Amino acid sequence: MKIAMAQINPTVGDIKGNLSKVLEKIDECKRKGVKIIAFPEMVITGYPPQDLLHEAEFIRANQDAIKEITKSTQGIVAVVGFVDSDAEGCLYNAAAVFENGELHRYVHKTLLPTYDVFDEERYFEPGESIEPLTVQVDGKKVRLGVEICEDLWDDDYDIKVTDLLCSKGAELIINISSSPFHVGKQFEREKLVVEKAKKNRVPVFLVNVIGGQDELVFDGRSVAADSKGRIIAVGKQFEEDLVITEIDSQSGEGEPRKKPLYDKEAEMYNALVLGIRDYFRKTGFKMAVLGLSGGIDSSLTACIAVDALGPENVIGVSMPSKYSSGHSKTDAEELAENLGIKYIQIPIQEIVDSYHKTWEKPLQELRTHFNIESSQDDPVADENIQPRVRGNTLMDISNRLKDLRILVLNTGNKTEIALGYCTLYGDMTGGVGVIGDVSKLEVYKLTKYVNRKAGKQIVPEGSITKKPSAELKDDQFDPFDFDIVSPMVDEIVADRLGKKELLSKGYPLEIVEDVYRRVRQSEYKRWQAPPCIRITKKSFGIGWKMPIVNHFWE
């Protein structure tokens, strides 16, 4: 019995386009003798549609698409994710099961996740019936258990959907998923599938979606295990794939296969590339512009942009001030040459000086009005003019060359964003953050991976080895030991450790106090930051819900 997992890349709201992909894969599977084909969760609407689910016409359009699929399923069983509704207007995360040109049954998702990036209880009612269904495959009856994503991830739930389906006679489990990526997520899915297959002695197929949706990345990596709990199919990662697997219809066994080798840096990098590529493709932007400082963050961002969009669609802009070092300018130019991107230099010192001159008299007027005696400029405010000029310059390029559909890339890393070591409306400018979920230490690892993958020096050695600096004043360097601060930030963000717990792990008191204060005080900045491509278990964005007004500092 041939079973196919169609891990395709839908777009939220593009119901016609998504339907076309589904019909195309059904037709291909029929030609290849496939008997059962499964598509990802909510493949018709795209995932997650969020508050589009409150729009009645959106729901109707998705249901009309399901009706269109029916006639194409002659001679095949198809499981397709969509959004169902009842007479009272309640919505259900659902699967439509088609058999031989007829709609056989709707299956509703039982377990609705409401944590991190998920908020399904906001929209859906849980399914009440957990029953396998009987389909005909080559004249033989097959008891099929259909479940949806979280129904498999049941450790924290009293209801065990997979076990219940099997206890009621299911001979084959199909789980349709839209399971977001984070580093190492593939191993979690594989473990679940293998454990459920082995425990219940039935084959388990999990088909997962791929693609980028806003800040989320979906990696595909569909997986199947046979009745002995052996992995018999693994889909490609970060690519569309039609995974066709054959199992014995009597024993439920298939041909075991080896898992591909794992490279963590490659996985992280490829996730970022897919996230950026789809963000541009699905929002209609074609080209990217970013500031090239000669530093490691902008260098890595440029490399990802080139792999996502092509060198012909990336513009690198060097914007030196009087504080910019000679090697920063040459490193930026060398990187651009190595990548083959368009490179321009726009010195900003005259703009900064003009800003000071224009602002001098009104500033003094305000000081006099409010009886402020000091005439000294605030050094931090003075420094912040430079990144704001740079941000405005990049935005101006995007605006003035609008026919090219250019989007500004933000180059800030996760550690800096956590610490608030960034300038609001300055270096926080951008339509999307490329490495905003990559810690400073991981930036170094990924940059070295770029050079290793290329087999040559793409990112100049100077960009990797020099001390990090914003170069906003003379002899300025980042005031952190990132070997200590970067992992500490990860523990605050991902593991939600407080000051006492950090101290118990051996972090120095002075650094703990400083870092914790910075993270807490910077929330207002993160609320105004661009969306960042998510690749870790806990990123800033829709899965991070912290108040700006917060007096808890323990």
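No lab work stands behind these numbers, since they all come straight from the coordinates. Just so we're clear, the structure is a prediction, and the values are computed from it rather than from any experiment. Here the Cβ positions follow ideal geometry from the backbone for every residue, glycine too, while neighbour counts run over all protein chains shown.
Details
- Shape summary: the chain maps onto an equivalent ellipsoid whose semi-axes, from the alpha-carbon gyration tensor, are 49, 24, 23 Å in decreasing order.
- Between E255 and H369, the FRET efficiency from the beta-carbon distance, with R0 = 51 Å, is close to 0.05.
- Using a simple spin-label model with pseudo-atoms 7 Å out from Cα toward Cβ, K445 and E55 lie 4.0 nm apart.
- Near-label residues of segment 193-227 by backbone N, under 14 Å of a point 7 Å along Cα→Cβ of S167: 200
- Counting 0.36 nm for each residue step from K16 to E102 and taking away their Cα separation leaves a gain of 28.9 nm.
- Coil-residue GluC sites (Glu not before Pro) of segment 288-359, DSSP, other Cβ within 10 Å capped at 12: none
- For the peptides 458-467, 506-515, 314-323, the ranking by packing is 314-323, 458-467, 506-515, with the highest mean count of neighbouring Cβ atoms within 10 Å listed first.
- Cross-link partners for K448 among the lysines, with Cα-Cα distance under 19 Å and sequence neighbours closer than 8 places in the same chain left out: K264, K414, K440, K456, K466, K467.
- Counting only lysines at least 8 places from K30 when in the same chain, those with an alpha carbon closer than 24 Å to its own are K2, K16, K21, K67, K71, K140, K141, K236.
- R0 of 45 Å, Cβ-Cβ distance D474-D116: FRET efficiency to nearest 0.05: 0.55
- For the listed peptides 378-390, 356-368, 172-184, a ranking on the average number of other beta carbons within 10 Å per residue, highest first, reads 172-184, 378-390, 356-368.
- The packing ranking of peptides 16-23, 434-441, 260-267, highest mean first, is 434-441, 16-23, 260-267, where packing means the average number of other beta carbon atoms within 10 angstrom of each residue.
- Net lengthening on full extension, Y524/W553 (0.36 nm per residue, minus Cα-Cα): 8.9 nm
- Equivalent ellipsoid semi-axes - Cα gyration tensor, segment 2-259, angstrom: 24, 20, 18
- Spacing of the two label points (7 Å from each Cα toward its C-beta) at K236 and W544, in nm: 3.3 nm
- With R₀ fixed at 35 Å, the C-beta to C-beta distance from I484 to D156 puts the FRET efficiency at about 0.55.
- Nearby aspartates and glutamates by direct alpha-carbon distance to K282 (threshold 15 angstrom, same-chain neighbours under 8 apart not counted): D14, D214, E215
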